[in-house]
Amino acid sequence: MDLKDTPNKRSKIARPEETVVERRARLASNALVRGHDHTLRRHLAEGLDPESFYYSRSCGFWSQRMIGEAAWGGDVECVKALEDAGARLTDEEIVRAMSPSHNKRMVAYLLTTGKFDPAGSMSSGRSWADAISQLRPEPLRNVVQAISEWERSQLSSALEPTPAKARTKFL
C-alpha cells in the first residue's frame, strides 16, 4: 500500500467543507498558537481579516477573536501584527489578557501603549481599577507589579538628571 493512499494521511490542502476565508483563519490561528508573528503577518497580507475569530483544533471556531487570544496568550508580537492590520482590543479582551498569571509582559505592553490606564476608565465607564480587582490573587499581584514597574520607569524617564554645566573661566 502506497503512503499516499492511507486514509489517515494528513492533507495540506483545504478541507472540503471550509471556505478560503475559514482556511486562512485556521492557518493563521495555528501560527498564532506557535507565536509565529511573521506567518501571521503573511496571512494578513494575503487578505486575512484582522478581526477574524480564533480557530481551536479541539473546538473549531469559537467566540474569541484572534487578537484576544494573542493577548490572552501573552504574545505581544502577534498582537502588534493584528493591530498593524487594523484590529483593536476591546476592554473585555484586555481584562481577560490580565487573567493568566504569566502575562506580565502583555500588561506592560498595554500600559506602555496606553490601552490600559489603571487610573482611568473603560469605554463602558467602569474604572479599570474595579475591573482588575476582580482578578484572582496571583494575576492581580502580577498586574500590580507591572503597574509599579511601569510607574517607576515613567518617573525615572521624567526625572532624568541634567548634566552639570562645566565651569567656565573668565579672563
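The values are calculated or read from the model by the stated rules, or taken from the named source; none is laboratory data. The model shown is predicted, which means the values in this text are computed figures rather than measured ones. Glycine gets a Cβ as well: all are built from the backbone with ideal geometry, and neighbour counts include every protein chain shown.
What the table below lists for this structure:
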item	result
Failed condition for TRP62, given (1) of a type in the set (Phe, Trp, Tyr); (2) buried (at least 20 other Cβ atoms within 10 Å of the Cβ); (3) assigned by TED's automatic domain parsing to the domain that holds LEU32	(2)
Matching residues in segment 65-85 - criterion: being surrounded by 22 or more Cβ atoms within 10 Å (Cβ to Cβ), without any contact (Cβ under 8 Å) to a residue 40 or more places away in the chain and closer than 16 Å to LEU48 by Cβ	ILE67, GLY68, ALA70, VAL79
Residues being of a type outside the set (D, E, K, R) and either closer than 21 Å to ASP117 by Cα or surrounded by fewer than 16 Cβ atoms within 10 Å (Cβ to Cβ) (or both) - total across segment 45-59	5
Test for THR113: is it polar (S, T, N, Q), under 25 Å from THR39 (Cβ atoms) and touching a residue at least 12 places away in the same chain (Cβ under 8 Å)	no
Those helices (runs of 4 or more DSSP H) lying entirely in segment 20-122 with at least 3 residues of a type in the set (Val, Ile, Thr)	20-34, 104-113
Of residues in segment 140-171 being part of a helix (DSSP H, G or I) and exposed (fewer than 10 other Cβ atoms within 10 Å of the Cβ), the one modelled with the highest pLDDT	LEU155
